[in-house]
Structure formats: C-alpha cells, structure tokens
Amino acid sequence: MSPIDSGFDIKSILPLLNKGELGFIEDSKQRPKQVSLFTVIEATLDEVWDVLTDYEHYTEIFPSVLECKIAKREGDTVFVDYKLDAVLYSIKYRLKHDHYPKKRIDISVVSGDLKSGEYRYDIHPFENKTILIYSIKASATNTSFLLRRIVKKQPTMDEAINISTAIITLNNIKEAIKRRQKER
Amino acid sequence: MGIKIGLISDTHGQFDRRLKSLFREVNHIICAGDIGGIEIIRQLFDIAPTIAVSGNTDVDLKAVLPEYIFYKVDGIKIFVCHIIEKNHPSWGELSKLIYSLKPDIVVYGHTHTYVASSSNNIIFVNPGSAGASRYPVSRTCGIIEKTDNSILVQIYDLSQDIQLKYWQNFIIKDHV
C-alpha cells in the first residue's frame with residue numbers, strides 16, 4: 001500500500017495545502033477503495049514523527065482512542081493494543097506499526113474486533129513545514145454496527161467515511177503538535 | 001447507458017426538495033462547496049452517494065471535508081474544488097495541480113454563475129448556486145452524462161419550475 005499516485009511534485013502543492021486537505025480516491029472496482037489525504041503541518045519532521053510514534057499519549061492526541069498500550073517492540077515494528085470509542089460501544093484490537101524512521105509508518109491489523117484494514121503515514125519535510133499523507137484502505141463496517149448498516153445500504157459511504165476519518169485524524173495530529181509547540 | 005452525475009454547489013444551507021426528482025437517476029452527486037451545514041450533505045446522500053468539498057464559508061465543515069478531491073469513475077477523471085478564479089491568488093498553484101493531474105472534468109462553484117467550457121482538453125463545469133440567491137442570477141444545478149462518445153453537460157434552472165436552461169455536448173475523443 002502506497003499513497004495514491006498523484007503524479008506531481010508533492011512540494012509544488014504546499015501553498016494549496018495551506019487552505020485545506022487534498023483527497024484522492026483510488027480508481028478501483030473493488031471495495032474498500034483506498035483514500036489518501038494530503039495536508040501540510042507547520043512543524044518540523046521531528047515534531048511530526050514524535051507525535052505519530054508517541055503511542056503512550058494517543059489517548060490525548062486522538063479523542064476516540066480510549067486506551068492505548070504498547071504490547072511489544074521488535075526492532076522498528078511496534079505492536080499496539082487499542083480500545084476505541086465506536087459510538088455506543090467500544091472495540092479492542094491490536095495493530096502492527098512498521099516504522100521507516102522519519103519517512104513512513106505502515107499500519108496493519110493483527111487481531112481483535114477489527115477484521116482487516118491497512119493504513120499508512122508518509123512524511124515529506126519541506127523547509128520548516130511537513131507534508132503528511134494519511135492513507136486508509138479499510139471498511140468502516142469494521143468499527144461500528146451503525147456504520148455497517150449505513151455502508152450496507154450505500155457502499156460508497158466507505159470512501160466518504162474514510163475521507164472524513166482521515167481529515168479528523170490529521171487535524172488531531174496538528175492540534176497535538178500545536179499544543180506541544182506552545183508548551184515549549 | 002452511460003454514467004450520470006448530479007452537480008450542485010453553493011447551497012448555503014438551502015436544500016431544494018425537487019433535487020430528489022431531478023437527481024433520481026444519477027449514479028452519484030458532486031457538491032462543490034459552500035454547503036452551509038452537514039444536514040445538506042445528509043439530504044444529498046439520501047438521493048445518491050455524494051462527493052463533497054468544503055467552500056470558503058464552510059468553516060465548520062472543514063473539519064470533515066477536504067478542500068480538493070480527485071477521483072476516477074467510469075473512465076472519467078474528475079477534480080473537484082470550490083474556487084477556480086484566474087484572478088485568485090491561489091490560481092497559479094491550483095492550475096499547476098490541475099494540469100499535472102490531467103482531469104477530464106473540473107467541477108467547481110463559488111461564483112454562483114453556471115459555466116460549461118473546455119480548455120486544454122479539460123471540461124470546466126460550474127453548476128451555479130442552488131441556494132438562496134444573493135445575486136441577480138437564477139438558482140441552478142447540473143447533470144453530467146457520459147455516453148460512448150460524448151460528455152453532455154446540462155444546467156437546470158431551479159428558480160421556478162425546473163427547466164433545462166443550458167446544455168453543451170463535449171466530444172469524448174478530445175477528452176477521455
């Protein structure tokens with residue numbers, strides 16, 4: 001899984017990303033389709049990487065994460081146990097985070113209530129800013145019976161939900177970085 | 001039978017119930033910003049799956065909607081954003097992005113004035129404003145229909161009885 005091929009010099013779109021996110025939806029007949037969201041963060045590569053890998057504080061960074069605990073580390077791979085607020089009830093699952101230091105993180109489902117799903121962060125520094133790309137290839141039906149009902153009725157809701165989820169995730173990361181910058 | 005896409009923009013919180021009838025056969029809807037509330041998106045989804053971007057007045061919706069979307073459906077590459085203005089400060093970068101992505105169709109809004117034109121093998125469509133009129137122009141929306149050899153852009157007047165106001169057929173070999 002890599003971000004959807006954009007076919008342009010990523011740095012050239014930096015001024016546009018100051019206005020908001022750029023979303024790509026995969027050209028595929030299979031579902032779920034991958035979505036990739038591009039955003040720019042007013043922070044250095046190190047600041048972005050520190051937040052992305054600070055699993056001990058994910059409950060503060062992402063409001064929907066109720067519990068987060070590192071299960072084990074194997075070199076650059078980190079196994080993390082999550083408890084997520086899935087509207088009306090919670091779900092538990094383990095994810096594998098493969099770190100490619102300060103370049104990207106590949107995330108895949110290992111076990112638990114999530115049946116499948118692939119996620120990935122790609123990080124591109126540019127002067128004192130960082131372009132962060134978050135890609136999701138997962139069905140929203142994994143997380144909530146309410147979403148399962150919605151997506152069953154309209155399968156294309158998967159892409160809409162994933163685009164919004166990605167934007168919320170990126171905004172959570174931006175806010176966490178801002179808070180840390182203020183605290184310094 | 002080709003794909004049909006409903007086009008709507010600048011609703012500014014006003015949902016015209018007659019869209020249910022007009023868009024009843026579309027495969028999906030594109031909403032090009034200045035939506036005016038998540039309730040409008042929900043009502044559009046009740047008609048058909050909806051792809052939406054935020055506009056300059058969608059302050060709250062920016063938390064869940066992107067500024068730009070690029071996707072491909074039925075062989076057509078589509079780029080959606082709210083503002084396309086050659087005098088706008090962002091046009092330089094935006095035009096570079098658009099011409100590097102090489103979409104077949106660009107859907108946008110903001111001006112409240114419908115447009116269907118072609119430039120450098122890209123069809124630019126602004127469905128106009130489907131919301132409360134702030135300017136002396138008709139409330140409008142659009143439908144794109146792809147057939148084997150053409151892309152038909154239709155603009156509908158929503159001011160009184162829904163009427164086809166304007167149409168233009170773009171020959172597909174030049175675009176897709």
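Could you list, in sequence order, the residues of the range A:43-56 that are under 18 Å from the mean Cα position of the chain (by Cα) and either charged (D, E, K, R) or open to solvent by 10 Å² or more (accessible area, probe 1.4 Å) (or both)? Before the answer, list the steps.
First pass over the range A:43-56, keeping only residues under 18 Å from the mean Cα position of the chain (by Cα): A:43, A:45-56.
Across the range A:43-56, the qualifying residues are A:L45, A:D46, A:E47, A:W49, A:D50, A:T53, A:D54, A:E56.
Any idea which of B:K96, B:K72, B:K86, B:K77 is basic (K, R) and modelled with pLDDT of 90 or more? Before you say what the answer is, go through the steps one by one.
On the way: B:K96 fails: modelled with pLDDT of 90 or more; B:K72 fails: modelled with pLDDT of 90 or more; B:K86 fails: modelled with pLDDT of 90 or more.
Of the residues listed, the single one that is basic (K, R) and modelled with pLDDT of 90 or more is B:K77.
Taking the condition closer than 19 Å to A:T165 by Cβ and either touching a residue at least 60 places away in the same chain (Cβ under 8 Å) or among the aliphatic types (A, V, I, L, M) (or both), does A:L45 pass? Outline the logic, then answer.
Numbers: closer than 19 Å to A:T165 by Cβ: no; either touching a residue at least 60 places away in the same chain (Cβ under 8 Å) or among the aliphatic types (A, V, I, L, M) (or both): yes.
No.
Any residue in the range B:155-171 that is modelled with pLDDT under 90, in a strand (DSSP E or B), surrounded by fewer than 19 Cβ atoms within 10 Å (Cβ to Cβ) and of a type in the set (V, I, T)?
Yes - at least one qualifying residue is present in the range B:155-171.
Please work out which one of (1) touching a His at 6+ places or on another chain (Cβ under 6 Å); (2) in contact (Cβ under 8 Å) with a residue 60 or more places away in the chain is the condition B:I144 fails and give its number.
(1)
Can A:L16 be described as among the aliphatic types (A, V, I, L, M), within 7 Å of chain B (Cβ to nearest Cβ) and in contact with a Gly (Cβ under 8 Å, 6 or more places away or on another chain)?
Working: among the aliphatic types (A, V, I, L, M): yes; within 7 Å of chain B (Cβ to nearest Cβ): yes; in contact with a Gly (Cβ under 8 Å, 6 or more places away or on another chain): no.
So A:L16 fails the test.
Could you list all residues from the range A:62-86 that are among the β-branched types (V, I, T) and surrounded by fewer than 20 Cβ atoms within 10 Å (Cβ to Cβ)? Lay out the reasoning, then the answer.
Step one: filter the range A:62-86 for residues among the β-branched types (V, I, T), giving A:65, A:70, A:77-78, A:80.
Matches in the range A:62-86: A:V65, A:I70, A:T77, A:V78.
The values are calculated or read from the model by the stated rules, or taken from the named source; none is laboratory data. The structure presented is a predicted model; accordingly, all values stated were derived computationally and were not measured. In this analysis, Cβ positions are derived from the backbone assuming ideal geometry, glycine residues included, and neighbour counts consider all displayed protein chains. To get the accessible areas, we keep the full protein, side chains included, count just its heavy atoms, and leave off ligands, DNA and RNA. Shrake-Rupley method; radii C 1.70, N 1.55, O 1.52, S 1.80 Å.
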